[in-house]
Structures are given as structure tokens and as C-alpha cells.
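Working notes for the structure below.
The values are calculated or read from the model by the stated rules, or taken from the named source; none is laboratory data. Only a predicted model underlies this, so the values are computations on that prediction, with no experimental measurement involved. FYI the Cβ positions are ideal-geometry reconstructions off the backbone, even for glycines, and counts take in every protein chain you see.
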Amino acid sequence: MKSFLVIGLNSFGTHLCRELYEQGSEVMIADKKEERLEDALKYSISAKVGDCSDEDVLRSFGVGNFDCCFVCIGDSFQDSLQVTSLLKELGAKKVISKASNEIHTKFLLRNGADSVIYPDKDTARTLAISEVSDNIFDCIPLTDEYFIYEISPDAKWSGKTLKELNLRAGYKLNVLAVKRNGVVDPMPYADHVISADEHLVVLGRAEDIKKINSRK
């Protein structure tokens with residue numbers, strides 16, 4: 001069982017605690033304001049009230065014992081930067097910090113963050129990609145360039161097998177699953193015949209998905 005430290009219990013931090021808890025992980029939470037901890041208490045094994053930008057406070061958590069430390073501080077970038085740096089100095093195995101903009105992202109990475117999450121940007125981009133096209137039903141970012149999409153098949157694909165279509169060669173898309181009536185069939189065989197009433201779950205770039213839409 002993995003263990004996590006979540007520092008900063010704003011809305012994002014609380015949602016993160018719940019998701020980690022539901023995945024069977026142990027979560028410790030910390031914030032300098034006690035009232036912010038209340039909504040996440042049921043998802044945690046322990047909670048600490050304290051200013052985590054204070055090295056002595058952070059040291060008392062034993063940060064090196066956690067598989068990953070999340071810095072979700074949203075009201076003070078200076079605190080977020082300082083906590084990120086202190087976590088690495090105190091031996092944290094992995095630090096993931098939340099950013100509000102591109103400048104914050106660069107500074108956090110330079111000051112010890114192993115990776116940075118940018119929820120507002122990621123949500124906005126995912127929403128824009130899915131809503132500008134009637135062909136896209138869901139979109140999950142993997143990197144800045146690659147996404148997992150749930151799409152309806154092009155009309156010209158209907159009645160053809162995945163092998164015949166060879167989407168990887170023709171469209172630079174990798175088919176991960178087929179979805180029909182809410183049922184997901186992962187890793188379909190090459191002889192699977194595409195039908196108009198199903199969706200394909202594919203891995204690819206936004207620009208390649210746009211090419212499919214432009215051909216409709």
C-alpha cells in the first residue's frame with residue numbers, strides 16, 4: 001500500500017485525497033488552517049495543522065517515508081515554492097506541485113518539483129478539445145502533446161476491420177479499446193469489424209484527431 005502526503009487542502013487537494021483514498025492508499029493531510037482539513041479527514045489516516053513552509057514543521061512529518069508528497073497550496077505561490085524546495089531538501093522521494101500558470105511551473109521545476117500539475121490549464125484544454133468537435137466524447141491528457149480520446153468512427157471506417165484500416169499507419173492513432181452501449185472491450189483484435197454504433201478509445205495527438213474531423 002502506498003502512502004502520500006497532501007499539503008494544502010483547497011478544493012483540488014481535497015478531491016485528490018478522496019481519489020487516493022478510494023484507490024486504497026494511505027493519506028496524511030496538512031494545512032495551516034484547521035478548518036480546511038475537515039472535508040478531507042475521512043479520507044486520511046492523520047492530519048496535521050501547521051505552517052509547512054516552516055522547516056521544523058515539515059521535518060516532523062517524516063517526509064522521506066511517503067511514496068509521494070503533493071504540494072497543493074493555492075493561495076501563496078511563495079509558500080508553494082518554499083515547501084517544494086524544503087521537501088526535496090528533507091529527503092522526499094517524489095514531489096508533485098500544483099501550479100497556477102506557466103511561470104509558476106518553471107520556478108517549481110527549478111526548485112525541486114519532480115513534476116507539476118496545472119489543473120486549470122489541463123481542464124480548459126480537455127474541455128475545449130472535446131466540445132469543438134461532435135466526434136469527440138472524452139479526452140484525457142497524457143502529455144502536452146498526446147491524449148486518450150473516445151471518438152465515434154469515421155463513416156468510411158464502418159464495416160472494415162482494424163487490420164484493414166491500419167489506423168496507426170494512416171492516422172497515427174493507436175486503438176486501445178472499443179466501447180459499445182457503455183461496455184468497454186480493451187485491446188480489440190485486428191479482425192474486429194468497426195460499426196457505426198460504437199466508439200473507439202484511441203491514443204494520439206490533437207493534430208491527428210483534427211485531421212479526421214476535417215475529412216468528414
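Per-structure values
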read-out	value
Any hit, region 122-129, residues being buried (at least 18 other Cβ atoms within 10 Å of the Cβ), assigned by TED's automatic domain parsing to the domain that holds I148, in a helix (DSSP H, G or I) and at pLDDT below 95	yes
Filter result for S100 (under 21 Å from R36 (Cβ atoms) and at pLDDT 80 or above)	yes
Contacts under 6 angstrom Cβ, first residue in region 80-93 being more than 18 Å from K32 (Cα to Cα), partner charged (D, E, K, R), 6 or more apart	L90/R59
V202 being surrounded by 17 or more Cβ atoms within 10 Å (Cβ to Cβ), of a type in the set (V, I, T), within 26 Å of the chain's Cα centre (by Cα) and at pLDDT 90 or above	yes
Pairs where the first residue, in region 15-42, is over 18 Å from I73 (Cβ atoms) and the second is aliphatic (A, V, I, L, M) and surrounded by fewer than 16 Cβ atoms within 10 Å (Cβ to Cβ), C-beta under 9 Å, 6+ apart	G24/M1; S25/M1; E26/M1; E26/I45
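Residue by residue, here is whether (1) modelled with pLDDT under 95; (2) of a type in the set (V, I, T); (3) within 22 Å of the chain's Cα centre (by Cα) holds:
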| position | (1), (2), (3) |
| --- | --- |
| L16 | yes, no, yes |
| Y43 | yes, no, yes |
| D67 | no, no, yes |
| V95 | no, yes, yes |
